[in-house]
Amino acid sequence: MTTQLRTAREIQLASRPEGVPTGANFDLVERPVAELEDGQILIRNTWMSVDPYMRGRMDDRESYIPPFEIGAALEGSAIGEVIESRSAAIPVGATVTHFAGWRDLAAIDAATATAVDTTLAAPRHYLGALGTTGLTAYAALTDVAQVRPGDTVFISAAAGAVGSVAGQIAKALGAARVVGSAGGPVKTALLREEFGYDAAIDYRAGDLAGQVAAAAPEGIDVYLDSVGGEHLKVAVEAMRPGGRIALVGAISGYNGNKPAHTPDLFLAATKEITLRGMLVNSYFPLFGEYIGKAAGWLAEGTLRTRETVYEGLDQAPAAFLGVLSGANTGKMLVRLG
Ligand SMILES: NC(=O)c1ccc[n+]([C@@H]2O[C@H](COP(=O)([O-])OP(=O)(O)OC[C@H]3O[C@@H](n4cnc5c(N)ncnc54)[C@H](OP(=O)(O)O)[C@@H]3O)[C@@H](O)[C@H]2O)c1
């Protein structure tokens with residue numbers, strides 16, 4: 001029996017970072033792909049996602065998802081074409097999303113892949129606006145911190161994958177004013193001109209509290225927090241009584257730096273603010289409903305998206321380091337094929 005049919009290239013974790021990761025924490029390794037077993041499919045990945053949460057998986061600590069292992073391939077969302085199949089459920093030629101990213105060829109159980117409709121939207125969208133970042137924005141604003149007509153909504157990391165979709169969803173839900181914060185004048189211009197924001201704050205320009213007060217003089221009803229630290233502290237101070245905060249991420253602390261600012265939770269208590277965390281995995285049952293809606297918005301042009309694309313598997317670590325430091329507008333993706 002043949003045991004080595006093809007050679008796959010994959011990115012492995014070479015070492016764990018101290019603080020900010022570097023290219024030296026990753027290795028590009030060639031590995032033979034064994035013959036498929038019953039129920040498996042072989043996928044040629046065409047796009048893969050790099051996401052901020054992967055930073056936490058580089059550390060050796062317990063969390064909601066296990067750490068990456070040194071000397072093993074990293075993993076994450078990817079999309080590709082099935083080139084061999086030993087599954088009745090998924091034929092050769094299908095386009096599937098799955099979790100075996102960071103490699104060009106993936107041999108996986110068909111049950112862990114999802115076939116997608118590429119007539120509905122281009123494959124890359126299934127890693128962004130129609131993928132987990134789009135669903136995160138949707139779930140955060142429709143369920144976790146529900147936007148009501150007339151609300152003032154504040155969104156951080158607003159020019160990124162979640163934030164660029166979230167501003168437009170907030171408007172669609174009837175928000176009267178949507179304020180976004182992002183790093184630098186190019187991104188803040190994009191927030192207003194392309195992503196439907198009424199006002200944009202450049203947090204790198206300083207005086208975050210003053211800028212939020214100027215952009216939302218009557219206070220905030222809903223805050224989608226992707227950043228934590230000073231953003232969360234300032235938002236709690238700017239919330240109206242009864243406001244709702246969706247705790248989606250805290251990227252300002254992902255490299256292990258101690259927060260210089262902490263939110264005043266007694267102030268949150270006295271304003272009767274709700275702070276509610278979320279993990280997008282809990283909303284996976286909503287995926288079908290969400291994709292149905294969002295594919296329609298994309299097709300009619302009411303949902304505008306951007307991607308920052310790095311080319312080739314060898315650039316995946318650079319893309320990942322870039323998403324942590326703000327090199328992306330919209331979804332950060334790596335094109336593999
Ligand atoms: N809870 C969940 O299930 C879930 C699911 C998906 C994502 N998330 C979280 O949602 C957030 C956004 O994720 P994403 O995939 O859409 O990433 P993204 O926003 O596309 O990329 C991350 C952005 O964060 C900004 N950033 C980096 N360091 C920052 C800092 N110290 N202060 C303020 N902004 C900073 C950068 O933009 P600037 O140039 O504007 O700084 C960067 O582009 C992350 O916190 C992520 O962990 C959570």
Within segment 213-231, which residues are more than 24 Å from Tyr138 (Cβ to Cβ) and without any contact (Cβ under 8 Å) to a residue 60 or more places away in the chain?
Ala213, Ala214, Pro217, Gly229, Glu230
Can you tell me which residue among Arg6, Arg16, Arg44 is surrounded by fewer than 18 Cβ atoms within 10 Å (Cβ to Cβ), over 21 Å from the mean Cα position of the chain (by Cα), modelled with pLDDT under 95 and not small (Gly, Ala, Ser)?
Arg6
Quick check, is Leu298 over 22 Å from Arg57 (Cα atoms) and of a type outside the set (Gly, Ala, Ser)?
yes
Count - residues of segment 288-337 that are surrounded by fewer than 17 Cβ atoms within 10 Å (Cβ to Cβ), part of a helix (DSSP H, G or I) and within 16 Å of the ligand (Cβ to nearest atom):
3
Looking only at strands (runs of 3 or more DSSP E) that fall completely inside segment 1-77, which ones have 3 or more residues that are in contact with a helix residue (DSSP H, G or I) (Cβ under 8 Å, 6 or more places away or on another chain) and either more than 20 Å from Gly322 (Cβ to Cβ) or not hydrophobic (A, V, I, L, M, F, W, C) (or both)?
40-49
Answer residue from segment 251-277, given it is surrounded by 18 or more Cβ atoms within 10 Å (Cβ to Cβ) and within 12 Å of the ligand (Cβ to nearest atom) and is nearest to Ala140 (Cα to Cα) among those
Ile251
Taking the criterion of being out of contact with any Lys or Arg (no Cβ under 6 Å at 6 or more places or on another chain), basic (Lys, Arg) and not in a helix (DSSP H, G or I), would at least one residue in segment 157-176 satisfy it?
no
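The values are calculated or read from the model by the stated rules, or taken from the named source; none is laboratory data. Remember, it's a predicted structure, so these values are computed and weren't measured experimentally. Cβ: placed from backbone, ideal geometry, glycine included. Neighbour counts: every protein chain shown.
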